[in-house]
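Student: Before I ask anything, here is the structure I am working with.
Taken together, the values in this text are just the output of simple stated rules run on the coordinates, not laboratory data. It should be emphasised that the depicted structure is a prediction, and the values quoted were computed from it without experimental measurement. Cβ placement follows ideal geometry from the backbone for every residue including glycine, while neighbour counts extend to all protein chains displayed.
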Amino acid sequence: MSALTLDSKYVDILSSLGDLKVNLEEAVRRYGVEQIGERIARLQREISGFQTQYSMPYEIFYARVTTDEEFVRGLRRNHPTWERDFQTWGYYVEEMSEWLGRLESISRP
């Protein structure tokens with residue numbers, strides 16, 4: 001539990017609507033859901049760009065670059081930045097998973 005200072009106008013509003021603690025927690029939860037949703041949408045756009053560029057989802061791309069040397073040779077010829085893209089793409093996929101987990105954790109009652 002953390003302590004914070006809240007402007008009295010917000011305390012008055014939330015108190016007049018019922019239990020201050022419950023209303024404050026709900027307001028913070030809704031804000032968190034909104035902000036996480038925006039972050040997830042941005043990550044989805046980034047991931048979608050890579051999926052379009054390489055014509056496959058990350059999981060298939062990962063499998064191919066780790067098992068198919070011919071595929072990697074083609075990437076070297078046609079996509080000179082594929083290794084950097086692969087790292088960035090993987091980071092976005094991992095970050096998306098983390099934010100989805102956080103969203104799930106605050107979405108439960």
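Student: Could you please give the count of residues in the stretch 83-109 that are within 17 Å of ARG45 (Cβ to Cβ), free of Cβ contacts under 8 Å to residues at least 40 places away in the same chain and either touching a strand residue (DSSP E or B) at 6+ places or on another chain (Cβ under 9 Å) or surrounded by 16 or more Cβ atoms within 10 Å (Cβ to Cβ) (or both)?
Tutor: Qualifying residue count for the region: 1.
Student: If you check ARG64 against the conditions, is it exposed (fewer than 14 other Cβ atoms within 10 Å of the Cβ) and of a type outside the set (A, V, I, L, M)?
Tutor: Criteria not met by ARG64.
Student: Within the set of pairs 6+ apart or on separate chains, which have a first residue in the stretch 13-35 that is hydroxyl-bearing (Ser, Thr, Tyr), a second that is part of a helix (DSSP H, G or I), and C-beta atoms under 8 Å apart?
Tutor: So the pair list comes out as SER15/ASN23.
Student: Sticking with this one: Just need a number here: residues in the stretch 50-59 that are in contact with a helix residue (DSSP H, G or I) (Cβ under 9 Å, 6 or more places away or on another chain) and part of a helix (DSSP H, G or I).
Tutor: 6
Student: Then there is this: Find the residue count for the stretch 13-24, including only residues that are surrounded by 12 or more Cβ atoms within 10 Å (Cβ to Cβ) and not small (Gly, Ala, Ser).
Tutor: Residues in the stretch 13-24 being surrounded by 12 or more Cβ atoms within 10 Å (Cβ to Cβ) and not small (Gly, Ala, Ser): 6 in total.
Student: So, one more: Within the stretch 46-61, track down each residue that is out of contact with any Gly (no Cβ under 8 Å at 6 or more places or on another chain) and surrounded by 10 or more Cβ atoms within 10 Å (Cβ to Cβ).
Tutor: GLU46, ILE47, SER48, GLY49, PHE50, GLN51, GLN53, TYR54, MET56, PRO57, ILE60, PHE61
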